[in-house]
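Heads up: the structure comes next, in structure tokens.
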Amino acid sequence: MGRKQLWEQDEVLASAMRLFRHRGYLGVSLRDIEEATGLHPGSLYRTFGSKDGLFHAALNAYNERVVQGRVRVHLLEPADPVAGIRSFFTSAIETGAEPDPGCLLTNTAVESFTLPGVTDGVHHGLAAIESGFADALSRARGRGDTPADLDVGATAAHLLAVYQGLLVLVRAGLPRTTLHSVTDGAMASIGSLKTHESKDDHE
């Protein structure tokens with residue numbers, strides 16, 4: 001019985017993540033939540049305490065499932081860490097034909113001044129990305145793919161800032177050529193010789 005409820009809660013959180021990504025916290029009503037998740041107000045308050053509680057749970061789940069998953073796939077696991085850093089950026093650009101709803105973490109960071117108590121969740125997600133960049137940069141420096149005197153900490157923070165800006169530009173629908181130019185600039189900042197793709201890759 002417990003396993004069934006856990007599965008149902010996972011489904012609710014997945015639906016809530018999609019809803020909040022598309023509409024933001026302020027744009028979501030209790031009726032929207034009920035229609036998206038199937039949760040009646042009584043179930044919502046029993047399980048999550050409030051709309052705020054559901055949002056916090058959805059953000060935490062997003063950090064765990066999406067943010068940390070992307071960090072692992074692109075920054076921690078690749079044998080070529082420089083290629084992994086580039087793919088971390090470009091995978092955010094190649095979003096398909098549908099308008100991209102943006103990253104829930106980034107959207108929340110932008111909206112956070114209007115939201116109650118989301119700072120910890122935002123900081124946790126951003127720290128996971130910065131740590132992933134630092135890991136990849138350390139391995140790249142150890143392989144001789146970047147200058148030996150590369151400041152890993154400062155560069156990881158810089159990449160985090162550029163990446164978050166890139167996600168905002170993706171959400172705004174800027175041309176892919178612009179987005180790839182931002183990526184090229186980010187890659188150039190690490191001082192690697194393996195920073196550029198061919199022009200055809202940007203078209």
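Which semi-axes, in whole Å and largest first, does the equivalent ellipsoid of segment 3-82 have when worked out from the alpha carbon gyration tensor as the square roots of 5 times its eigenvalues? Don't skip to the answer; put the middle values down first.
Details: eigenvalues 166, 40, 17 Å².
Value: 29, 14, 9 Å, ordered largest first.
Show me the three semi-axes of the equivalent ellipsoid for segment 8-52, from the C-alpha gyration tensor (sqrt of 5 times each eigenvalue), largest first, rounded to whole Å.
Working: eigenvalues 46, 28, 16 Å².
Over the Cα atoms of segment 8-52, the ellipsoid semi-axes are 15, 12, 9 Å.
Just check segment 72-161 against the gyration tensor rule for me: Cα atoms, a ≥ b ≥ c as the square roots of the eigenvalues, rounded for a/c under 1.5, and otherwise prolate or oblate depending on whether a/b exceeds b/c.
On the way: a/c = 2.81, a/b = 1.53, b/c = 1.83.
Taking the square roots of the gyration eigenvalues as a ≥ b ≥ c, segment 72-161 is oblate.
Under 10 Å, Cα contacts only: if you run a Gaussian network model on the chain, which one of D149, D135, D32 comes out with the highest mean-square fluctuation?
Among D149, D135, D32, the largest mean-square fluctuation in the Gaussian network model of the chain belongs to D149.
Taking the Cα centre of each part, how many Å lie between segment 47-98 and segment 153-176?
14 Å
If packing is taken as the average number of other Cβ atoms within 10 Å across a peptide's residues, how do 77-84, 38-45 rank, most packed first?
Highest mean packing first, the order is 77-84, 38-45.
Can you compute the equivalent ellipsoid semi-axes for the chain, i.e. the square root of 5 times each eigenvalue of the Cα gyration tensor, sorted largest first and rounded to whole Å?
Details: eigenvalues 243, 65, 43 Å².
For the chain, the ellipsoid semi-axes come out as 35, 18, 15 Å.
Need one value: the accessible area of V182 in square angstrom, 1.4 angstrom probe, rounded to the nearest 10.
My reading of the accessible area for V182 is about 40 Å².
So what J values fall out for segment 67-81 if you push phi through Karplus, 6.51 cos²θ - 1.76 cosθ + 1.60 with θ = phi - 60°, rounded to Hz, Gly and Pro as x?
Here the 3J(HN,Hα) series is 4, 5, x, 5, 4, 5, 5, 9, 10, 9, 8, x, 5, 9, x Hz.
Can you give me the relative contact order of segment 80-188 as a percent, contacts being Cα pairs under 8 Å and 6 or more apart? Working shown, then result.
Working: 78 pairs, mean separation 44.7, N = 109.
In percent, rounded to a whole number, it is 41.
May I ask you to evaluate 6.51 cos²θ - 1.76 cosθ + 1.60, the Karplus curve with θ = phi - 60°, for each residue of segment 128-133 and list the ³J(HN,Hα) values in order in whole Hz, giving x for glycine and proline?
Per residue, the Karplus-derived 3J(HN,Hα) values read 5, 5, 4, 5, x, 4 Hz.
If I build a Gaussian network model for the chain, linking alpha-carbon pairs within less than 10 angstrom, which residue out of T106, T177, T146 has the largest mean-square fluctuation?
T177
The values are calculated or read from the model by the stated rules, or taken from the named source; none is laboratory data. The model shown is predicted, which means the values in this text are computed figures rather than measured ones. Note that we place each Cβ from the backbone using ideal geometry, even for glycine, and neighbour counts take in every protein chain shown. Just the protein is used for accessible areas: all its heavy atoms, side chains included, with ligands, DNA and RNA removed. Shrake-Rupley method; radii C 1.70, N 1.55, O 1.52, S 1.80 Å.
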